Structures are given as C-alpha cells and as structure tokens.
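The values are calculated or read from the model by the stated rules, or taken from the named source; none is laboratory data. As the structure is a computational prediction, the values presented were derived from the model and not from experiment. Cβ sites come from the backbone with ideal geometry, for glycine too, and all protein chains shown count toward neighbours.
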Amino acid sequence: MTARCASVLAALLLLPPALVATASAGTLSLDGPLIQGGLVIGTTEPGAKASLDGNPVRVDAAGAFLIGFGRDAAAQAWLRIEHADGSRTDKELKVATRTYPVQRIDGLPERQVTPPPEDMVRIKDDSVRIAEVRRLDSDRRGFASGFMWPVEGQVSGVFGSQRILNGKPRRPHNGVDVVAPKGAPVVACADGIVALVHQDMFFTGRTVLIDHGHGLISAYAHLDDIRVKPGERVAKGARIGSVGRTGRVTGPHLHWGVSLFGTHLDPALLVGPMEAQSGAERRR
Ligand SMILES: [Zn+2]
C-alpha cells in the first residue's frame, strides 16, 4: 500500500460507516417497527452475514434474520450486512424511544412480592430453566407464519410498565396481560416447537414456552391447564392450554411474553388490534 493510498483510507475510516460501504449488489429489506420493544424481520440474500452493533445475527438459508430492540434500547443501532459478493452495507437504524406507565398492583400475597428464603431455591430453578430456553438458537422459521393474539380480552397490563406491587417497586412488566375467563382457550401466537412445559413455576404458575426460531421465544403464563408436550410442533392458532390463575396473580388472565435471545419484546407490536383479528376470524 502506498503512503497516499493509506492516508486516503485513514480519511475514509473517520467517516460514518454508511459512507464507506461499498456499492452493493446484495439486497436488504426490513419489516417491522424500529421502536423500543419492536421486532424486525430482515431479508437479505442467502449466504450474507449480518450483525447488529457488532453482535452476529443468524441469517438462514432463505436470507431471513431477526433483530429486536429491548425496553430501554438505545435510540441508534448499526446493522451491518456482509454480502455474499464481498460488498458491505452499513445501515443506521433510528430506534424510537417510548415512555412507560407506572402500574400499581395491590392485594398480592406478600410472599409472592417479597419471597422468603425458602422460596428462593425454587425461583432460581425456574429462572434457570426459562433462561436456558431463551438462549435456544434454532434455525426454525416459525416466525414466518406471522403472529396473532393467543387469547382475546381486556388488556390489563402493557409491556414495559414500571411495577409497584403491594407498594414496592419491582421489575418492569415484560409482556402483555389479557384478562379472560378461566378456561378460555389459549393458542400459539405463531408456528413453533414447544420448548418448555412447567406445571408450577413460582411466579408464572403453569407455563408454556414456544420456540419460533432464531432465538425468538413466546411465553404463556398462569395457565389453568396445558394441552401440549415438550417437543411438540404447534401451528399458529393451535390450542396449547386454557386461561387460569396459577402463580402470582390477582385473577384469571394470560401473561403473554415474547423474547429474542432473552431480550423482552413487546408482544402487542407483533399483532394488530384485537378487534381486527376477531373480525378476520368471523369472516373466515
Ligand atoms: Zn403479566
């Protein structure tokens, strides 16, 4: 490399990556909201590599990949695609920030808000099992089915709210709560494989986790009964159980959560308004 060539390169490296990206014959499209809690399904050409802020992202044989933004994600992220032809795309993603409401819930059994030491072993065991599933990195494409509400009813708890339980600040709410009568059917929000069935978790009671591929996992908590087994393939809309009031609850409801490699996303952003969904069901 000549001295002149090196200085030109150095000058280039001071520029934002988007400006140094080589002209690309590769493709890139993004589908989904760039917002805290949002999931984006990307498509590039097969054989490309993707990374978000330097962290590698799985790209499958069809060129699909998933990126997501947590509750408190930074307002800017950089997506890099290294195309199969050797060219590169660096794309700045502007992530909309949100403000979250405070939710106070009173009347919970004190033991569930400040668990005594004898419950901590069980709580730790539950969280280890859940964390194991949330690390799954399968090449399934369940997410490609699209998403639906697993049950319909009044939304009593939104994603991200700061929670005050029996007057004590607790972790933000990491899913959506839907109130429905005990026994109402709960269905899979998308195609997937049942990754965990547990009959009695401390906080979430009867619990099902479904793997939709690429690190995307959905969770269904407080169920009254469970109608699927680990390893079972489920289609979007297939019944997995019933609404219940098991675990830490004040009444029957479904807690629905979605995570991408352990980062909680807002399930409500994956689906349209409930009324639109039930209208579509009726028209079918
Ligand atoms: Zn909840």
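Which residue, of Val186, Val197, is under 20 Å from the mean Cα position of the chain (by Cα), over 21 Å from Leu39 (Cα atoms), away from the ligand (no atom under 14 Å from the Cβ) and not hydroxyl-bearing (Ser, Thr, Tyr)?
Within the list Val186, Val197, the selection yields Val197.
Report, by residue number, each residue of the stretch 212-230 that is buried (at least 22 other Cβ atoms within 10 Å of the Cβ) and away from the ligand (no atom under 16 Å from the Cβ).
Residues of the stretch 212-230 that are buried (at least 22 other Cβ atoms within 10 Å of the Cβ), as a first pass: 212-214, 216-223.
Selection gives His212, Gly213, His214, Leu216.
Checking Asn166 against (1) modelled with pLDDT of 95 or more; (2) away from the ligand (no atom under 14 Å from the Cβ), only one condition comes out false. Which one?
It fails just one condition, (1).
Find all pairs meeting these conditions: Cβ atoms under 8 angstrom apart; at least six residues apart or on different chains; first residue within the stretch 249-273 and not assigned by TED's automatic domain parsing to the domain that holds Ile130 and at pLDDT below 95; second residue outside any strand (DSSP E or B) and away from the ligand (no atom under 12 Å from the Cβ).
Partner pairs satisfying both residue conditions: none exist.
Does Val178 satisfy the condition of being modelled with pLDDT under 95, buried (at least 19 other Cβ atoms within 10 Å of the Cβ) and within 14 Å of the ligand (Cβ to nearest atom)?
The answer is no for Val178.
Condition (residue is closer than 23 Å to Phe159 by Cβ and without any contact (Cβ under 8 Å) to a residue 60 or more places away in the chain) applied to the stretch 116-128: is it met by at least one residue?
Yes - at least one qualifying residue is present in the stretch 116-128.
Got a sec? Which of Leu108, Leu136 is assigned by TED's automatic domain parsing to the domain that holds Ser218, more than 30 Å from Arg58 (Cα to Cα) and in a loop (DSSP other than H, G, I, E, B)?
Result: Leu108 is the single residue among Leu108, Leu136 that is assigned by TED's automatic domain parsing to the domain that holds Ser218, more than 30 Å from Arg58 (Cα to Cα) and in a loop (DSSP other than H, G, I, E, B).
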